[in-house]
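Each remark here refers to the structure printed beneath this line.
Readers should treat all values here as calculations from the given coordinates under stated rules, not as data from a laboratory. Everything numeric in this text was worked out from a predicted model, so none of it was measured. Using ideal geometry, Cβ is built from the backbone for each residue, glycine included, and neighbour counts are taken over all protein chains shown.
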Amino acid sequence: MDKMIRLLDGSQLKAGLTGPSGAPVLMLPVAKESVYGQEADHLRQWGVDPELGEHFIAGLRDKFQVLYFDYEGHRLRQPNPLDLTASSIAQDLLTIAGEMNVSKFSYYGYSWLALAGLQLAIRTDRLESLLMGGFPPLDGPYAEMLIVTNHTYMMALSQPAPADPAETEQKTAAPEATDWDNIQIQMDPEQTRQFVTLYDSLADFRDRDIQHLLRMPRLAFAGEQDKIVYGDNFGGVTVDIAGKLVEHLPLLEQLGWDVAILKGSGMDHTKAMQPETVLPVLRPWLIRNVLRES
């Protein structure tokens, strides 16, 4: 079942729901639509599965109802530069669930969409579980990403309009996922400014102060090489996702988090978000903690 849903800013997003009736629901905002041909080849060069959304859905819909949509792609096609705050994203996610007649659900997000899941979790009692990939739930890099996104926005203002929107979508989607020291592309100021707005809305957020509000089962994971050192053009900061998870592993487990550090060659921010890497972690965890099967 697919449906067009009007979000808080008036834009419309396509969402779908599939899987066995009555099964627990997993919200999957990372479900990008498949691409083929030259565009698919371009994505593979960046280590991205061109059928990422389809493969996630196929790997989960036998056991779960999957509420799928591409929130990131939507925001890059229809930016919300002044109002993409933590609160507005949470409202969008709840609107989507409501329009799809989903009352309770688990949530999986990666990178800034993992951050969005944490913000959702402290604003609703509808989450059955929370799964965060590529963003630490404790001492997250909010200040660092505000610096990076501000520099990205200022660079975008100094460049002409992008000639290839598809290329811009891939390389400005999540600043954490890109080599911003060496990248040479045109960037859309509207797209980049909305991420400044997001991290600015979190300038006073302290994730240590909200841990007691999280009572649902929780999983956090990252690739063991998920560490990005940004050049001077992007603020000269380091965002060490894996390092934060390792550093806080005992405390996270004490707080009730399950933590997984994904091992393997080249297991960086991009590789650790691909379905072939994520599904072997997500699926058994969801079966144990949501279906509660042994």
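Results, tabulated for the structure shown:
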read-out: Candidates Phe69, Phe195, Phe205: whichever shows maximal mean-square fluctuation once the chain is modelled as a Gaussian network with Cα springs under 10 Å; value: Phe205
read-out: Packing-based order for 43-52, 221-230, 112-121, using average beta carbon neighbours within 10 Å, highest first; value: 112-121, 221-230, 43-52
read-out: Residue with peak Gaussian network fluctuation, the chain [Cα springs, cutoff 10 Å], from His55, His212, His269; value: His212
read-out: Most positive-pole-ward Cα, Ile147, Val196, Val25, against dipole of the chain from beta carbon charges; value: Val25
read-out: Charge dipole (debye, nearest 20) of the chain; +1 at Cβ of Lys and Arg, -1 at Cβ of Asp and Glu; value: 1020
read-out: Net charge over other residues, Cβ less than 14 angstrom from the Cβ of Asn80 (K, R count +1; D, E count -1); value: -3
read-out: FRET efficiency for Leu291 and Asn233, using Cβ-Cβ distance with R0 set to 41 Å, rounded to 0.05; value: 0.30
read-out: Gyration tensor (alpha-carbon) shape descriptor, region 1-74, a/c threshold 1.5; value: oblate
read-out: Prolate/oblate/rounded call for the chain, Cα gyration tensor, a/c under 1.5 rounded; value: rounded
read-out: Relative contact order, percent, the chain [alpha-carbon distance under 8 Å, six or more residues apart]; value: 19
read-out: Mean projection area, nm², convex hull over Cα of region 214-268; value: 4.6
read-out: Among Val281, His42, Ser106 the positive-end extreme of the charge dipole of the chain (Cβ point charges); value: Ser106
read-out: Highest to lowest packing among 133-143, 238-248, scored as the average C-beta count within 10 Å; value: 133-143, 238-248
read-out: Assigned charges on the beta-carbon of Lys, Arg, Asp, Glu; region 5-161 dipole about Cα centre (debye); value: 280
read-out: Amide hydrogen neighbours beyond the local backbone of Leu219, cut-off 5 Å, H modeled; value: Leu130, Leu131, Met132, Asp258
read-out: Spatial separation of Cα centroids for region 4-82 and region 257-279, in angstrom; value: 19
read-out: Surface/4 of the Cα convex hull for region 65-137, nm²; value: 4.9
read-out: Point-charge dipole on Cβ atoms (K/R +1, D/E -1) for region 14-90, about Cα centre, debye to 20; value: 220
read-out: Rounded to 5, percent antiparallel among DSSP beta bridges of region 1-154; value: 45
